[in-house]
Every structure is written in structure tokens, then in C-alpha cells.
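The values are calculated or read from the model by the stated rules, or taken from the named source; none is laboratory data. The structure presented is a predicted model; accordingly, all values stated were derived computationally and were not measured. Note that we place each Cβ from the backbone using ideal geometry, even for glycine, and neighbour counts take in every protein chain shown.
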Amino acid sequence: MKPVFRRAITALHSPLKITLAGWLTPGILGLLQMAALFGILTGVLHFEVHNPVGTYAMMGLAAMAFAAIILALNVWLGSVGQFVGLVLMVLQLVTAGGTFPWQTLPAPLAILHHVVPMSYAVDGIRQLMYGGNPATALGDAGVLLLWLTGALALTAIGVVRMTHFRTLRDLRPSLIG
């Protein structure tokens, strides 16, 4: 799936509109995936969730933030951005503290724990799911919102930049290729 549509850029649609259109489709798919995951956790595996609404909201916010980050990487770096997104995901899986305590990481990776968004998603979900501190979860949600808005802003800037390199061929592409 293309992150943004070249035809919309060439037709001079609003960069904000193009950015939101490129983000909402994967974002909504992420929300649906989180709903399925939440259903499996609570319905099939019978996990007891202390704050179900808050937990799902945090899961949804994380999905929307990650969709925005991947979109920004794709707009700015193209296919290389997809690879960078994959590397970022692997780094986040290691440093987020979801599979093992982040305190056991080597110093360079422990520093990343405080930077990458997945750390805040994992912590926020834990706080809400197991009855932890709601203020901590709210702070985690704030960090995810910062990542989300920053990624969308970078995407919009990238889309504006793309409008300077448009051609008529982009508006009316060749049938042959």
C-alpha cells in the first residue's frame, strides 16, 4: 500500500488532507487489530483487565502512533523507510521491557528504552491492565501523543516537499508504465 497518493499531491490537494488519508487507513486497521487482540486476551484467554476501556484506548493510541511513525518514515525515505521501520521495531522489542526487564540491558540499549515509543506503550498498558498508577499511564499516553503528532507533522512537511517535484505524468500516468 502506498503511503501517500502521488496523484493527490500532483492535483494540489491539501498536504494535511493527504497526510491524514495516508495515516487513517493503517491507523484504523491497527485499531481493529487491537480490538481483536483485546477480545482474545479477555474472551478466550480470560485475562482479568482492571481498566478495560483505558487499556484498549492505550492499545489503540499505540497502534495509531506506530502507523504515523511508519508513514513518516515511508514519506521521507521511501522503501528504505520500510526497512528502517523494521529495524526500529526490532530495537523497540528489545528495549521496551515487554519480554524481559529493561534494567538488564547493556547501557546503550537502556538509554534507548527511555526514547522509543514502545516502552511507553508497554508501561501504559501494564499500568491500566493490572491496576497500576493511572497518572503514570496518562504520562505514557502523553509521550505517545507527542510521537504521533511529531510523526504526522513530519509527514505533512514531507508531503509539502513532494509538491515541489510533481509533473503532469504524475497527474495522468502512462498506461504502459
Exercise. Filtering segment 44-59 down to residues that are in a helix (DSSP H, G or I) and of a type outside the set (A, V, I, L, M), which residue is surrounded by the most Cβ atoms within 10 Å (Cβ to Cβ)?
Worked result: 55
Problem set entry | Pairs, first outside any helix (DSSP H, G or I) in segment 131-158, second surrounded by fewer than 21 Cβ atoms within 10 Å (Cβ to Cβ), C-beta under 8 Å, six or more apart | 131/50; 131/51; 132/126
For this session: Give the residue, chosen from 62, 36, that is assigned to a helix (DSSP H, G or I), surrounded by 14 or more Cβ atoms within 10 Å (Cβ to Cβ), at pLDDT 95 or above and out of contact with any strand residue (DSSP E or B) (no Cβ under 6 Å at 6 or more places or on another chain).
Result: 62
Problem set entry | Which listed residue, of 90, 75, is at pLDDT below 95, part of a helix (DSSP H, G or I), β-branched (Val, Ile, Thr) and crowded, with 18+ Cβ neighbours inside 10 Å | 75
Problem set entry | Residue count, segment 92-130 (criterion: touching a residue at least 12 places away in the same chain (Cβ under 8 Å) and charged (D, E, K, R)) | 1
Exercise. Quick one: how many residues across segment 124-142 are of a type in the set (D, E, K, R) and at pLDDT below 95?
Worked result: 1
Problem set entry | Single match in 132, 142, 158 (criterion: farther than 18 Å from residue 81 by Cα and either surrounded by 14 or more Cβ atoms within 10 Å (Cβ to Cβ) or over 18 Å from the mean Cα position of the chain (by Cα) (or both)) | 132
